[in-house]
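The values are calculated or read from the model by the stated rules, or taken from the named source; none is laboratory data. Just so you know, these numbers come straight off a predicted model, no measurement behind them. Positions of Cβ are generated from backbone atoms using ideal geometry, with glycine treated the same way; all protein chains shown enter the neighbour counts.
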Amino acid sequence: MERRRLRIAVHKFASCDGCQLAFLNAGETLLALAEAHDFVHFPELGPVDPEAEADVAFVEGSVCTEEERERIQAIRARSAYLVTLGACATAGGLQALRNLADGEAWLRDIYPRREHLDALATATPVAEHVHVDLALWGCPVDGGQVLDVLAQLALGLRPAPGADKLCLECKRAGHPCTLVTRGRPCLGPVTRGGCGALCPRHGRDCYGCFGPAEHPNTDALGMRFEGLGLIDAAIARRFLFINSAAPEFRRAGLYWRGEAP
Ligand code: SF4
Ligand code: SF4
């Protein structure tokens with residue numbers, strides 16, 4: 001198969017830069033990529049040209065300001081293939097928690113001059129504004145998964161990361177189950193794999209940063225958490241965290257908040 005030389009852009013919206021750093025931390029493979037392709041815009045790496053046309057545009061962060069709402073349209077128009085990079089871009093991220101409250105009231109209470117802020121009332125995933133060709137989850141993303149996607153695009157293939165449940169990765173790696181052996185409220189049974197079961201590997205329960213797996217049985221898992229002794233509000237917080245704008249987690253979280261959608 002012939003490998004194409006791609007023009008790659010990495011754009012930042014409302015986010016912490018962690019997904020860009022996970023991309024950079026892919027190390028030597030990234031250096032090889034930089035020789036095989038052209039990074040036309042990637043401020044964390046060096047090149048800065050936000051107006052550049054791209055074959056592949058990665059977008060980190062959610063849309064939180066009027067400027068971002070306009071900029072994402074322009075990026076989409078000059079990008080052949082658009083990938084959301086991580087939880088903020090794919091499902092709103094932590095900043096989308098304000099969508100569950102009165103975001104406007106928070107802005108007015110915290111800042112003395114609300115009118116000086118270019119802040120929308122909600123923080124929204126990129127897909128609510130433009131067509132997204134591929135969504136990559138995680139807070140942050142897995143650098144290896146990003147590089148796999150690029151390698152497949154360079155070969156003209158259509159990347160399709162799996163949506164199997166994290167428990168499968170965890171079991172394959174032989175990690176003791178934090179839910180069964182420690183009674184921890186692990187979200188692995190409803191979360192998609194891709195991180196290599198990073199948290200259970202270190203004895204921690206998963207908090208769902210890779211977003212909902214396909215066909216997640218959030219009802220059964222919520223009841224299991226109740227059986228572990230979690231109160232309703234604590235169960236709701238498990239679902240309404242990093243990916244609170246993902247419909248499956250949002251529906252489950254609102255149910256445990258007593259706001260059945
Ligand atoms: S620790 Fe979590 S991810 Fe691993 S098997 Fe148990 S429930 Fe699944
Ligand atoms: S185990 Fe869960 S919370 Fe931890 S990195 Fe993986 S998906 Fe994210």
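Let's see how each residue does on (1) more than 7 Å from ligand 1 (Cβ to nearest atom); (2) closer than 18 Å to Phe239 by Cβ; (3) not basic (Lys, Arg):
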| residue | (1), (2), (3) |
| --- | --- |
| Thr178 | no, yes, yes |
| Gly183 | yes, no, yes |
| Pro189 | no, yes, yes |
| Leu198 | yes, no, yes |
| Gly203 | yes, no, yes |
| Tyr207 | yes, yes, yes |
| Phe210 | yes, yes, yes |
| Glu214 | yes, yes, yes |
| Thr218 | yes, yes, yes |
> Taking region 225-251, which residues are farther than 19 Å from Pro125 by Cα and assigned to a helix (DSSP H, G or I)?
Replying inline: Phe225, Glu226, Gly227, Asp232, Ala233, Ala234, Ile235, Ala236, Arg237, Arg238
>> So for region 17-33 (the condition being on the phi < 0 side of the Ramachandran plot, in the same structural domain as Val132 (by TED's automatic domain parsing) and assigned to a strand (DSSP E or B)), does at least one residue qualify?
In response: no
> Yes or no: Leu157 closer than 26 Å to Ala57 by Cα and among the aliphatic types (A, V, I, L, M)?
Replying inline: yes
>> Can you tell me which residue is farthest from ligand 1 (Cβ to nearest atom) among those in region 160-176 that are touching a strand residue (DSSP E or B) at 6+ places or on another chain (Cβ under 9 Å) and closer than 21 Å to Gly86 by Cβ?
In response: Ala160
> Hey, does region 167-183 have a residue that's touching a Leu at 6+ places or on another chain (Cβ under 9 Å) and away from ligand 2 (no atom under 16 Å from the Cβ)?
Replying inline: yes
> Is there a residue being farther than 18 Å from Phe241 by Cβ and away from ligand 2 (no atom under 16 Å from the Cβ) anywhere in region 184-206?
Replying inline: no
